[in-house]
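Novice: Okay, handing you the structure first.
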Protein chains: 2
Amino acid sequence: MIQEFESTLLEGAVTEIARLPGIGRKTALRLALHLLRQDVSASVALGEAIINMRKGIRYCSVCHNISEEEVCPICSNSRRDSSTVCVVESVKDVIIMENTRQFNGLYHVLGGVISPIDGIGPDALEIDSLVERVSRGGIDEVILALSATMEGDTTDYYIYRRLRDLPVKVTQLARGVAVGNEIEYTDEVTLGRSLLNRTLFSDSVNL
Amino acid sequence: MIQEFESTLLEGAVTEIARLPGIGRKTALRLALHLLRQDVSASVALGEAIINMRKGIRYCSVCHNISEEEVCPICSNSRRDSSTVCVVESVKDVIIMENTRQFNGLYHVLGGVISPIDGIGPDALEIDSLVERVSRGGIDEVILALSATMEGDTTDYYIYRRLRDLPVKVTQLARGVAVGNEIEYTDEVTLGRSLLNRTLFSDSVNL
């Protein structure tokens, strides 16, 4: 629809912005024109923040979370419980788990889940490094916190098989009725599992 | 929802991206994490394109369209008809008009429309410079191509009054049934105007 601009600089910016996922050329043009209406400093701040972020961030050599150092602040925090490792799919999931404020252990970011349809096998993920990390000792529990999808379940089972001969407890996030959801609209599989895995009611846990 | 990140570089990029209109912190995080998964060159290209665009683009001293030179490529193009000036609201509207490939004259970008509610009076727009441009002579027709809204109509009328004593023809874009629209779903005001302003049917025009 938007075919050409008189300015190659505008064209360049729109093309680059439109490479971002979920942003088409129309939105990219809207954003570029917005920046043109703002002070130069706004564009410089945005451009530099993006470049500095990408240049300054690498992956933690222990857990593969993003980090500005060789080892990330979570792994190097001596006040966290290094005997518990929570396995997550992505960097975003680390942020989400941290925001629950319910976990004080360390993480291991897989970089995805096993998905034969998308050509993602176990070798494409940080599973070997997890097994190696557990083999070195000092880890009592590995919590699998992957999506409750077929791919997540497959990956859970694969990791469980790789770890089951090692002296480590492998656990999985509870599956059940989501907090705030009505029973009427909860699917049967979830309801069935939440019934099987029912928990003892007590003041401290069920509030 | 997303409260804090372990990385100040990520935090910085997310904050800057989230300043863009229509992009919240969640989307900004998704975009930042996408960039982190790509090669460094992608982020550098994006960041530099944004900075270079903003630093390199200024406004044409004649028509106020964006330009990389003192005078934009449209105004300085001798093959365009400098006796016809199309008045538009914004830089984006120039692009949209150009994409119709039906106009070979020059433009005049107002920078908005008169809107008392938003505190935009005639002085905030490039109306004086339009009057001055027409006063200098050489312009036979001014085409008003503003939105068919109350604000657009107000601005059309204001400009018409400012120009009516000058030797220039002031015209307005045709208002009528949009091409592709069904009569059944066209509003009464539009239908009424399209009836009043009906055009003679001929092979060359109505196809």
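The values are calculated or read from the model by the stated rules, or taken from the named source; none is laboratory data. Fair warning: this is a prediction, and the values are worked out from it, not measured in the lab. Every residue, glycine among them, receives a Cβ derived from its backbone with ideal geometry; neighbour counts consider all protein chains shown. The protein model used for the area step is the full one, side chains on, heavy atoms only, and it has no ligands, DNA or RNA in it. Shrake-Rupley method; radii C 1.70, N 1.55, O 1.52, S 1.80 Å.
Novice: Lys and Arg at +1, Asp and Glu at -1: add these up for the other residues within a Cβ distance under 12 Å of A:T186 and post the number.
Specialist: Values: positive: A:R175, A:R193; negative: A:E182, A:E184, A:D187, A:E188.
With Lys, Arg at +1 and Asp, Glu at -1, the net is -2.
Novice: Count charges around A:T154 for me, please; just the other residues with Cβ under 14 Å from its Cβ, Lys/Arg as +1, Asp/Glu as -1.
Specialist: Numbers: positive: A:R161, A:R162; negative: A:E89, A:D118, A:E151, A:D153, A:D156.
That sum, taken over residues with Cβ under 14 Å, equals -3.
Novice: Let me ask something else about it. Got a sec? Charge dipole of the protein assembly as shown, +1 on Cβ for Lys and Arg, -1 for Asp and Glu; which of A:S129, A:Y157, B:N197 is way out at the positive end?
Specialist: The listed residue farthest towards the positive side: A:S129.
Novice: Place a +1 charge on the Cβ of each Lys and Arg in the range A:118-157 and a -1 charge on the Cβ of each Asp and Glu, then give the dipole magnitude about the Cα centre in debye, rounded to the nearest 20. Show your work: numbers first, answer last.
Specialist: Working: 2 positive and 10 negative charges, 32 e Å.
Computed about the Cα centre, the dipole is about 160 debye.
Novice: Nearest to the axis that maps chain A onto chain B: list the chain A residue whose Cβ wins, with the distance in whole angstrom.
Specialist: Per the Cβ-to-axis criterion, the result reads A:G47, 2.
Novice: Given a cut-off of 22 Å, what percent of all Cα-Cα pairs of the range B:23-127 lie beyond it? All intermediate terms of the calculation are to be shown ahead of the outcome.
Specialist: Details: 2787 of 5460 pairs.
Result for the distance tail: 51 percent.
Novice: Using a label point 7 Å beyond Cα on the Cα-Cβ vector, give me the inter-copy distances for B:S135 in nanometres, one decimal, shortest first.
Specialist: Between copies, matching label points for B:S135 lie 8.5 nm apart.
Novice: Show A:T155, A:T186 ordered by accessible area, largest first, where the area counts protein heavy atoms only and the probe is 1.4 Å. Walk me through the intermediate numbers first.
Specialist: Details: A:T155 0, A:T186 20 Å².
Largest accessible area first, the residues go A:T186, A:T155.
Novice: Using a Gaussian network model of chain B whose springs link C-alpha atoms within less than 10 Å, name the residue from B:A49, B:A18, B:A174 with the highest mean-square fluctuation.
Specialist: B:A18
Novice: Using a Gaussian network model of chain B whose springs link C-alpha atoms within less than 10 Å, name the residue from B:R30, B:R133, B:R101 with the highest mean-square fluctuation.
Specialist: B:R30
Novice: Now for a different question. Could you give the size of the charge dipole of the protein assembly as shown about its Cα centre, using +1 on the Cβ of each K and R and -1 on the Cβ of each D and E, expressed in debye and rounded to the nearest 20? Before the final figure, lay out the partial values.
Specialist: On the way: 42 positive and 58 negative charges, 59 e Å.
It comes to approximately 280 debye.
Novice: Return the percentage of antiparallel bridges among DSSP beta bridges fully within the protein assembly as shown, rounded to the nearest 5 %. Provide the component values of the computation, followed by the final result.
Specialist: Numbers: 6 of 32 bridges.
If we restrict to bridges inside the protein assembly as shown, about 20 percent are antiparallel.
Novice: Just the accessible area for A:R161, please: 1.4 Å probe, Å², rounded to the nearest 10?
Specialist: Surface open to solvent at A:R161 totals about 130 Å².
Novice: Further question: Taking 1 over the mean of 1/r across every pair of different Cα atoms in the range A:81-146, what Kirkwood radius in Å do you get?
Specialist: Details: mean 1/r = 0.0803 Å⁻¹.
In the range A:81-146 this quantity evaluates to 12.4 Å.
Novice: Going down the list A:K55/B:K26; A:K55/B:K55; A:K55/A:K92; A:K92/B:K92; A:K55/B:K92; A:K26/A:K55, which pairs span over 25 Å between their C-alpha atoms? Before the final figure, lay out the partial values.
Specialist: Numbers: A:K55/B:K26 22 Å; A:K55/B:K55 22 Å; A:K55/A:K92 19 Å; A:K92/B:K92 35 Å; A:K55/B:K92 33 Å; A:K26/A:K55 29 Å.
Pairs exceeding 25 Å: A:K92/B:K92; A:K55/B:K92; A:K26/A:K55.
Novice: Return P(r) of the protein assembly as shown (all Cα-Cα pairs; 20 Å bins starting at 0; whole %; ordered from short to long distances).
Specialist: 20, 38, 26, 15, 1
Novice: Please report the projected area of the range A:86-201's Cα convex hull averaged over all directions, in nm².
Specialist: Values: hull surface 35.2 nm².
Mean shadow area of the hull around the Cα atoms is 8.8 nm².
Novice: At B:D165, label 7 Å along Cα→Cβ: distances to the other copies, nm, ascending?
Specialist: 9.9
Novice: Still on this structure, please answer the following. For the range A:1-81, compute Rh as the Kirkwood radius over C-alpha pairs and then the Stokes-Einstein diffusion coefficient at 25 °C and 0.890 mPa s; write the answer in µm²/s, rounded to an integer.
Specialist: Numbers: Rh = 15.4 Å.
So the translational diffusion coefficient is about 160 µm²/s.
Novice: Per residue, how much space in cubic angstrom lies within the convex hull of the C-alpha atoms of the range B:43-92? Walk me through the numbers before you get to the answer.
Specialist: Numbers: hull volume 4.6 nm³, N = 50.
Hull volume normalised by residue count: 92 Å³.
Novice: Return one whole number: the accessible area per residue of the protein assembly as shown in Å², for a 1.4 Å probe.
Specialist: Values: 23970 Å² over 414 residues.
Accessible area per residue: 58 Å².
Novice: With both partners inside chain A, how many of the DSSP beta bridges are antiparallel, as a percent to the nearest 5? Kindly include the intermediate steps, with their values, before the conclusion.
Specialist: Numbers: 3 of 16 bridges.
The antiparallel proportion sits near 20 percent.
Novice: In what sequence, largest accessible area first, do B:R19, B:R164 appear using a 1.4 Å probe?
Specialist: Working: B:R19 155, B:R164 130 Å².
Per-residue accessible area, sorted high to low, gives B:R19, B:R164.
Novice: While we're looking at this one, here's another question. What net charge do the residues around B:Y59 carry, taking every other residue with its C-beta under 13 Å from that of B:Y59, with Lys and Arg at +1 and Asp and Glu at -1? Working shown, then result.
Specialist: Numbers: positive: A:R37, B:R54, B:R58; negative: A:E6, B:E68, B:E69, B:E70, B:E126.
Local net charge: -2.
Novice: If you build a Gaussian network model of chain A, linking Cα atoms that sit under 10 Å apart, which residue out of A:G105, A:G137, A:G119 swings the most?
Specialist: A:G119
Novice: How large is the dipole of the range A:1-156 about the Cα centre if only Lys and Arg carry +1 and Asp and Glu carry -1, each at its Cβ, rounded to the nearest 20 debye? Walk me through the numbers before you get to the answer.
Specialist: Values: 14 positive and 23 negative charges, 122 e Å.
Result for the range A:1-156 is approximately 580 debye, rounded to the nearest 20.
Novice: Still on this structure, please answer the following. Summarise the accessible area of the protein assembly as shown (1.4 Å probe, protein heavy atoms) by the percent that is carbon and sulfur.
Specialist: Details: 12470 of 23970 Å².
Result for the protein assembly as shown: 52 percent of the exposed heavy-atom area is carbon or sulfur.
Novice: Nm distances between the label at B:K55 and the same-position labels in the remaining copies, 7 Å along Cα→Cβ, shortest first?
Specialist: 1.3
Novice: Right, here's the next one. Counting only protein chains, not ligands or nucleic acids, how are B:M53, A:M150 ordered by accessible area (probe 1.4 Å), most first?
Specialist: Details: B:M53 0, A:M150 140 Å².
Per-residue accessible area, sorted high to low, gives A:M150, B:M53.
Novice: Lys/Arg Cβ at +1, Asp/Glu Cβ at -1, dipole of chain B taken about the Cα centre: which of B:V62, B:N77, B:G176 is farthest positive-ward?
Specialist: Of the options given, the answer is B:N77.
Novice: Express the C-alpha Rg of chain A as a ratio against the empirical globular expectation 2.2 N^0.38 Å, rounded to two decimals. Can you show the working numbers first?
Specialist: Numbers: Rg = 22.3 Å, N = 207, 2.2 N^0.38 = 16.7 Å.
Ratio of Cα Rg to 2.2 N^0.38 Å: 1.34.
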